[in-house]
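Contents: one structure, followed by commentary.
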Amino acid sequence: MNSLERVLAAATFQGPDRPPVFLVLLQQGAIEMGLPLSDYYSHGDHIAEGQTRLIEKYGHDCVVGVPHIVEDTLPFGTELKYYDAGPPSVTGMSIKRYEQIPELKVPRAADHPQMRETLSAIRKLANRFKGEVPIIGAAIAPFSLPSMIMGTKHFIHLMKDETGLRDKYWQTLLNKCVEYVTQWANDQLEAGADIIVLADGMASADLLTPQEFQTDALPVLKETLSKINGFVAYEFVGKAEALLPYCKDLPVVAFLVGSDDNLTVSKGNVGGSKALVGNVNNIKLTHWDRDRVYYECRKALHSMRNRSGGFILANQGPEIPYHTSEENIRAFMEAVHDFEMN
């Protein structure tokens, strides 16, 4: 099997030759090419070349066309701060007052120079890997995007407001975010991405009760999924297992779960009908030794042992940190190659 066949077999419970491995290496391409991250992130040619070198080096089962998830905020006029050894962060909010929400124009992501570079990277990866290796795109989910363009504190205040602010602005804000995100996801699919990862950090069980998730986040997610013209994997970017029972019938191909989630419980919570992706702790990869990483990968594989599939071994989102050693990255593949499916 090639990587695409392997991932499709795992996601559809058709029996892959081995469990697939998703190594989300968004920064390591810069190391391979000897470039500062700010330069690497800014050019589609660099992203495509970096991803190509990494898959040739490690032999995992995906390439990722996006440089980092916070780029989704740029078309709204935010500013990013770049770091030498980590992903950028948003430093300037585009919504500073709730009263700005009705007048907020929904930008077209592809009109922004940085987003065009991302589409270029996806096209180049598609030219090289289409039909052989899954090409992954990504977007901040509409429920979480407001926290990135107005600030988490202000978003939560609006969500929980009982003074009339929510009635006035909440649905308008989310409608605009749904329009933006679905457009951007479809742009990536048209460029050649095989699947879109929707990252929804504000919708995890770390922040929402099951009731809040069902009332506030789930309707937005359902609307979003109905407007994306391709495969989607849903990432909680946090604890997921308590919310999975409410998501098991969603039209997604997989759920990305966190390191605090029990894989066996999570599998039961989706009824065994959807694949799970995860869930090795990404932060601890920087200080675990190779043997510990190997052990954690084997533990995940054994807990999801199933000849028919349903599991993709991966780091917990959003990415493997810059300073993770090569031997720790290789431990993922070593664990899988040593693993017996039956």
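Students often check this: by mean Cβ neighbours within 10 Å, which of 112-121, 321-330, 189-198 ranks highest, and how do the rest follow?
Averaged packing, sorted descending, gives the order 189-198, 112-121, 321-330.
So what is the calculated 222 nm ellipticity per residue for the chain, using -39500 (n - 2.57) for each DSSP H run with n of 4 or more, over all residues, to the nearest 500 deg cm²/dmol?
For the chain, the value works out to -12000 deg cm²/dmol.
For the range 199-342, what does the alpha-carbon gyration tensor say about shape, rounded, prolate or oblate, given a ≥ b ≥ c as the root eigenvalues, a/c under 1.5 as rounded, and a/b over b/c as prolate?
Prolate, since a/c reaches 1.5 and a/b exceeds b/c.
Run a plain Debye calculation on the range 62-184 (Cα atoms as equal point scatterers, no solvent) and give log10 I(q)/I(0) at q = 0.21 Å⁻¹, rounded to two decimals, same order as the q list.
-1.19
Work out how much length S303 to A85 would gain on full extension: take 0.36 nm times their residue separation and subtract the Cα-Cα distance, in nm to one decimal.
Taking 0.36 nm per residue and subtracting the Cα distance, the gain is 75.2 nm.
In degrees between 0 and 90, to the nearest 10, how far off the longest principal axis of the chain does helix 165-191 point, with axes built from Cα atoms?
That helix lies at roughly 40 degrees to the long axis.
Any idea what Rg and Dmax come out to for the range 1-120 if you just take the C-alpha atoms, in Å?
17.7, 55
Quick one: helix 113-129 against the long Cα principal axis of the chain, what's the angle to the nearest 10°, folded into 0 to 90?
Tilt of helix 113-129: around 30 degrees.
Using a Förster radius of 30 Å, what is the FRET efficiency between D17 and K222 based on their Cβ-Cβ separation? Nearest 0.05, please.
That pair, D17 with K222, gives E of 0.30.
Starting from the Cα of T152, move 7 Å in the Cα-to-Cβ direction to define the label point; list residues of the range 202-232 whose amide nitrogen is under 14 Å from there.
202-208
For R290 paired with M33, estimate the spin-label separation in nm (one decimal), with each label point 7 Å from Cα along the Cα-to-Cβ line.
The answer from the label model is 2.8 nm.
Out of residues 5 or more away from V232 or on other chains, whose amide H comes under 5 Å of its own, with H placed 1.01 Å from N in the peptide plane?
I196, V253
How big is the range 215-273 in terms of Cα radius of gyration and Dmax, in angstroms?
11.3, 31
I need the P(r) histogram for the range 101-152: all alpha carbon pairs, bin width 10 Å from 0 out to the longest distance, whole percents.
Binned Cα distances yield the sequence 19, 38, 29, 13, 1.
Under the Kirkwood approximation for Rh and a Cα-based Rg, what ratio Rg/Rh is obtained for the chain?
Rg/Rh: 0.95.
For each of W184, W170, count neighbouring Cβ atoms within 10 Å of the residue's Cβ, then give the residues from fewest to most.
W170, W184
Kindly rank 275-282, 248-255 from highest to lowest mean number of other beta carbons found within 10 Å of each residue.
Most protected by this proxy first, the peptides run 275-282, 248-255.
Read-outs throughout are calculated quantities, based only on the coordinates presented, and are distinct from any laboratory measurement. Owing to the predicted nature of the structure, the values given are computational and were not obtained by experimental measurement. Using ideal geometry, Cβ is built from the backbone for each residue, glycine included, and neighbour counts are taken over all protein chains shown.
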